[in-house]
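The values are calculated or read from the model by the stated rules, or taken from the named source; none is laboratory data. Given the structure is predicted, the values throughout are model-derived calculations rather than measurements. Positions of Cβ are generated from backbone atoms using ideal geometry, with glycine treated the same way; all protein chains shown enter the neighbour counts.
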Amino acid sequence: MDNLNLLSILLAGLAAWGLGALWYSPLLFGKAWQKELGMSQEDLEGANMAVIFGSSFVLMLVMMVGMVPALLMGHDDISVGHGAFHGALFGLFFAAASMGINYLYQRKSLKLWFIDASYQVALLAIGGAVIAAMN
């Protein structure tokens, strides 16, 4: 943790946050996600989006800080592809699997799990690529 590149963490967090804005927009999976959750447009409009967006960004930064030692441990030089690959593996084996367990008990749909879990895999792949590129 001695060699944390704070700029890479910030940029990785911003990239993940930007991907989420696109992922959950009507352009990609927003409407399907909303339907699977049973949320109306009024439900979305009634939320405190500043708190939700700000808190999610902080949590994405926490995820990126946690990825730095895992990506760089034992490596003097890591490629962007290597960072993206390992980020995707973290997303698949940790985030998506953990969400799958919760969604099973919560009896949420497989479609909702796919939307949310594939976002986690993608955001961690992008975060891994950014961190690798800047370290």
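One residue is enough: does region 30-38 have a residue meeting the conditions acidic (Asp, Glu) and part of a loop (DSSP other than H, G, I, E, B)?
Within region 30-38, not a single residue is acidic (Asp, Glu) and part of a loop (DSSP other than H, G, I, E, B).
Please go through region 11-32 and pick out each residue that is touching a residue at least 24 places away in the same chain (Cβ under 8 Å), touching a Leu at 6+ places or on another chain (Cβ under 7 Å) and of a type outside the set (Gly, Ala, Ser).
Residue satisfying the conditions is Leu19 alone.
Of all residues in region 84-101, which are touching a residue at least 40 places away in the same chain (Cβ under 8 Å) and either closer than 10 Å to Leu124 by Cβ or not in a helix (DSSP H, G or I) (or both)? Let's see the steps before the verdict.
First pass over region 84-101, keeping only residues touching a residue at least 40 places away in the same chain (Cβ under 8 Å): 84-88.
Ala84, His86, Gly87, Ala88, listed by residue number.
Test Ala129 against the criterion of being within 16 Å of the chain's Cα centre (by Cα) and either polar (S, T, N, Q) or closer than 21 Å to Asn5 by Cα (or both), and give yes or no.
On the way: within 16 Å of the chain's Cα centre (by Cα): yes; either polar (S, T, N, Q) or closer than 21 Å to Asn5 by Cα (or both): yes.
Against the criterion (within 16 Å of the chain's Cα centre (by Cα) and either polar (S, T, N, Q) or closer than 21 Å to Asn5 by Cα (or both)), Ala129 qualifies.
Consider Ile52 carefully, then state whether it is crowded, with 17+ Cβ neighbours inside 10 Å and either touching a residue at least 60 places away in the same chain (Cβ under 8 Å) or not aromatic (Phe, Trp, Tyr) (or both). Working first, answer last.
Details: crowded, with 17+ Cβ neighbours inside 10 Å: no; either touching a residue at least 60 places away in the same chain (Cβ under 8 Å) or not aromatic (Phe, Trp, Tyr) (or both): yes.
Criteria not met by Ile52.
What number of residues in region 42-60 are farther than 17 Å from Ala122 by Cβ and touching a helix residue (DSSP H, G or I) at 6+ places or on another chain (Cβ under 8 Å)?
Result for region 42-60: 2.
With respect to Gly81, is the statement that it is closer than 30 Å to Met134 by Cα, more than 18 Å from the chain's Cα centre (by Cα) and modelled with pLDDT under 95 true?
No, not satisfied.
Considering only region 97-109, how many residues are surrounded by 12 or more Cβ atoms within 10 Å (Cβ to Cβ) and within 18 Å of Lys35 (Cα to Cα)?
The number of residues fulfilling the criteria is 3.
Considering only residues that are farther than 25 Å from Ala84 by Cβ, out of contact with any helix residue (DSSP H, G or I) (no Cβ under 6 Å at 6 or more places or on another chain) and not in a loop (DSSP other than H, G, I, E, B), which ones fall in region 102-124?
Asn102, Leu104, Tyr105, Gln106, Leu110
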